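Participant: Okay, here's the structure, questions in a sec.
A short reminder: the numbers here are calculations on the coordinates, not readings from a lab. It should be emphasised that the depicted structure is a prediction, and the values quoted were computed from it without experimental measurement.
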Amino acid sequence: MFKNSPIKKLKLYIGLEHEPLTGVTHFLGAFMAVAALVLLIVFASTHGSPGDVVAFTIFGFSLLALYASSSLYHLMPIGHHWKRIMQRIDHSMIFILIAGTYTPLTIVTIGGTAGWVIFIGIWVLAASGIWIKASWIKVPPLLSTVIYIILGWLVFVPPLSFNQRLSTEAFTLLLLGGVSYTVGAIIFEIGRYIPNSKKVGYHEIFHVFTLFGSASHFLLMYKYLLPL
């Protein structure tokens with residue numbers, strides 16, 4: 001009776017019938033990213049140097065870019081001619097967020113010439129990852145995930161070694177964010193090979209872990225790296 005109801009058709013059209021919470025979770029994340037971006041810009045402009053403003057603005061925009069593109073992709077109708085393109089943009093924004101998160105850590109925490117050199121190096125690596133995703137049409141998903149994780153965990157590699165540069169509280173937030181992202185990615189990879197639940201599956205859980213990771217890193221920036 002309700003098989004072809006208008007509500008069911010609408011849910012199918014905007015992607016809610018296939019994966020109910022994937023688009024919704026990151027749609028909420030996009031709104032939170034806007035708030036985070038505004039806060040970071042306001043406080044960096046008020047209390048920081050021009051370099052601080054650049055660094056925190058890049059981080060805020062990287063959050064917004066990831067969650068906006070992800071929500072657009074997941075809420076886009078299945079079979080839409082832009083769906084595949086938005087998928088590539090969505091995946092590419094992961095590299096943008098990783099590099100965007102490193103930006104305040106390199107410019108503000110390390111600082112000086114070394115900080116800017118490392119900043120450029122991280123963004124070159126991120127750009128290389130985006131190029132691989134764009135040019136290699138059938139890149140194995142597992143390989144992409146491994147690249148994301150390796151790039152994200154360079155925080156322990158000298159001359160970065162942020163565990164020696166940050167306070168215990170600040171590094172705990174950095175670590176918590178990295179663990180959240182990584183656990184989410186592992187759940188996503190494992191989940192692709194097992195039956196998905198009807199309402200909340202591995203993809204939705206991955207998105208929730210992503211939100212936790214972003215929230216942890218925002219708190220790191222706001223409470224410990226911003227020059228308040």
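Participant: Over its Cα atoms, what ratio of radius of gyration to 2.2 N^0.38 Å does the stretch 102-228 give? Display every interim value, and only then the final one.
Facilitator: Working: Rg = 16.3 Å, N = 127, 2.2 N^0.38 = 13.9 Å.
With N residues counted in the stretch 102-228, Rg over 2.2 N^0.38 Å equals 1.18.
Participant: Using a Gaussian network model of the chain whose springs link C-alpha atoms within less than 10 Å, name the residue from 167, 69, 45 with the highest mean-square fluctuation.
Facilitator: Taking springs between Cα atoms under 10 Å, the residue moving most is 167.
Participant: Rounded if a/c is under 1.5, else prolate if a/b is larger than b/c, else oblate: which is the stretch 7-225, with a ≥ b ≥ c the root eigenvalues of its Cα gyration tensor?
Facilitator: The shape class here is prolate.
Participant: Could you give each residue of the stretch 94-100 its phi-based ³J(HN,Hα) in whole Hz, using Karplus coefficients 6.51, -1.76, 1.60 with θ = phi - 60°, and x for Gly or Pro?
Facilitator: Couplings: 5, 5, 4, 5, 4, 5, x Hz.
Participant: Let me ask something additional. Could you work out [θ]222 nm for the chain from helices alone, using -39500 (n - 2.57) per DSSP H run of at least four and dividing by all its residues? Round to the nearest 500 deg cm²/dmol. If you can, show how the numbers build up before the last one.
Facilitator: Values: 9 runs with 165 residues, N = 228.
That calculation yields -24500 deg cm²/dmol at 222 nm.
Participant: Among 174, 64, 125, determine the one that fluctuates most according to a GNM of the chain built with springs between C-alpha atoms less than 10 Å apart.
Facilitator: Evaluated over the chain, the most mobile residue of the options is 125.
Participant: Under the definition of Cα pairs under 8 Å and six or more residues apart, what whole-number percent is the relative contact order of the stretch 7-225? All intermediate terms of the calculation are to be shown ahead of the outcome.
Facilitator: Details: 249 pairs, mean separation 46.1, N = 219.
About 21 percent, as a whole number.
Participant: Let me know the number of lysine pairs in the chain closer than 30 Å at the Cα, not counting same-chain pairs under 8 apart.
Facilitator: Close lysine pairs under the 30 Å cut-off: 23.
Participant: With the radius of gyration and the Kirkwood radius both derived from the Cα set of the stretch 49-130, what is their ratio Rg to Rh?
Facilitator: On the way: Rg = 14.8 Å, Rh = 13.5 Å.
Rg divided by Rh gives 1.10.
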